[in-house]
Amino acid sequence: MASYTGVPHAIAFTSCTTGLETALRVARIGPGDEVIVPDYTYPATANAVKIAGAIPVIVDVNPDTLLIDYDKMEEAVSANTKAVIPVSLFGNPLDFDRLIKMKEHYGVLIIEDAACALGSSFKGRKTGGWSDMTVFSFHPRKFITTGEGGMVTTQNAQWAKAMHQYKHFGMGKVAGREEMVFQDTGSNYKMSNILAAVGLAQMEMVDDLLDERIKLAANYHQLLKGCKNIKIPETTKNGIHSYQSFAVLVPERDRVMKKMREEGIEVQIGTYALHQHPAFQQRGVRLRGQYPGSIRAWEETLVLPMYHSMTNAGQAEVVEKLTACVE
């Protein structure tokens, strides 16, 4: 993973969530600190901030890309802001021209939630090599999976060492078991060797697997050309999408989803609008402004089937039935 993403350090974890939590902890982000996150994301993004004791500040997303609204993100910066956790949702890479300008101007850290974005890139550099820390997932839905697991990549050797210690109960490196020294508080966030072996075998095929996903996505783009009332979210300019999920926006998503399933085609929602859930309406969470982009994303996003053995005929059937259901 370090070699693939072009960084010197990659630290394996039990999940993307525990990786995000540990990244915040080694950056010394905790009580009283604010971390800006997008509203349209899986709850784990903001949960990690809460678990670390900091305050998630939730902002809207751009309905065209489904990524964090960079203007709203900058407006949310305060004297207590220590980091942003933008999400490269569904494999759509982030605009690091904007993010790096923000980092330089405000002095905040960029901790990227790249759960779905392994293989994506911006301006020729792989996701994982841009942010201060980037956190990936190997959950079963991901095209490289260990069943459950995560990975943090970073250029920072001090953070890498601290993450290794934290996931090993706070243990420092020693010559033998009887000489073990526990240097700090830590937890047990180690990925098992068995799961790591599964991931290593898949990483040998990562380029072929990624190429197949990009081809399948290109075919969906072609099939959906001219389809009324079906919108494909925009890919970040100068970016290459890894298409962990192929999402479209359709009116009356829930009705369309029900009809598609009745036709025997398993489609899914994208993810959640955090501000609508009790966990993020509580004290210790800051809701910032209105969320028209996130609400639209929640109400209209539909994820289409896409898997490595899928045929062009299978994709054509999906689009044919989708078009009929939307109309």
*asked:* Give me the residue from the range 184-204 that is at pLDDT below 95 and open to solvent by 80 Å² or more (accessible area, probe 1.4 Å) and, out of that set, nearest to residue 312 (Cα to Cα).
replied: 185
*Just name the residue that is farthest from residue 288 (Cα to Cα) out of those in the range 88-124 that are part of a strand (DSSP E or B) and in contact with a helix residue (DSSP H, G or I) (Cβ under 6 Å, 6 or more places away or on another chain).*
122
*Only one of (1) within 26 Å of residue 193 (Cβ to Cβ); (2) in contact (Cβ under 8 Å) with a residue 40 or more places away in the chain is not met by residue 48, so which one is it?*
(2)
_Options 311, 301, 271: the member that is of a type outside the set (Gly, Ala, Ser), out of contact with any His (no Cβ under 6 Å at 6 or more places or on another chain) and open to solvent by 20 Å² or more (accessible area, probe 1.4 Å)_ = 311
*Number of the condition not met by residue 115 [criteria: (1) among the small types (Gly, Ala, Ser); (2) modelled with pLDDT of 95 or more; (3) farther than 16 Å from residue 13 by Cβ]*: (3)
*Residue within the range 12-20 that is modelled with pLDDT of 95 or more, closer than 21 Å to residue 164 by Cα, of a type in the set (A, V, I, L, M) and not in a strand (DSSP E or B) present*: yes
*asked:* Report every pair of residues separated by at least 6 positions or lying on different chains whose Cβ atoms are under 7 Å apart, first residue within the range 218-230 and within 18 Å of residue 240 (Cβ to Cβ), second among the charged types (D, E, K, R) and surrounded by 11 or more Cβ atoms within 10 Å (Cβ to Cβ).
replied: none
*Find the residue count for the range 314-327, including only residues that are of a type in the set (Asp, Glu) and either buried (at least 18 other Cβ atoms within 10 Å of the Cβ) or in a helix (DSSP H, G or I) (or both).*
2
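Does residue 141 meet the test of being more than 21 Å from residue 43 (Cβ to Cβ), basic (Lys, Arg) and open to solvent by 20 Å² or more (accessible area, probe 1.4 Å)?
Numbers: more than 21 Å from residue 43 (Cβ to Cβ): no; basic (Lys, Arg): yes; open to solvent by 20 Å² or more (accessible area, probe 1.4 Å): yes.
When the stated conditions are applied, residue 141 does not pass them.
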*Any idea how many residues of the range 78-95 are farther than 23 Å from residue 54 by Cβ and either among the small types (Gly, Ala, Ser) or surrounded by 23 or more Cβ atoms within 10 Å (Cβ to Cβ) (or both)?*
4
_For the range 27-51, give me each residue that is buried (at least 23 other Cβ atoms within 10 Å of the Cβ) and among the β-branched types (Val, Ile, Thr)._
35, 36, 37, 41, 45, 49
*What tally of residues in the range 270-299 results from selecting those that are free of Cβ contacts under 8 Å to residues at least 60 places away in the same chain and not polar (S, T, N, Q)?*
4
*For the range 144-177, enumerate the residues that are over 30 Å from residue 310 (Cβ atoms), of a type in the set (D, E, K, R) and open to solvent by 30 Å² or more (accessible area, probe 1.4 Å).*
161, 173, 177
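The values are calculated or read from the model by the stated rules, or taken from the named source; none is laboratory data. Since this is a predicted model, take the numbers as computed values, not measurements. Because the Cβ atoms are built from the backbone with ideal geometry, glycine has one as well, and the counts that use them run over all protein chains shown. Areas reflect the complete protein model, heavy atoms only, side chains present, ligands, DNA and RNA absent. Shrake-Rupley method; radii C 1.70, N 1.55, O 1.52, S 1.80 Å.
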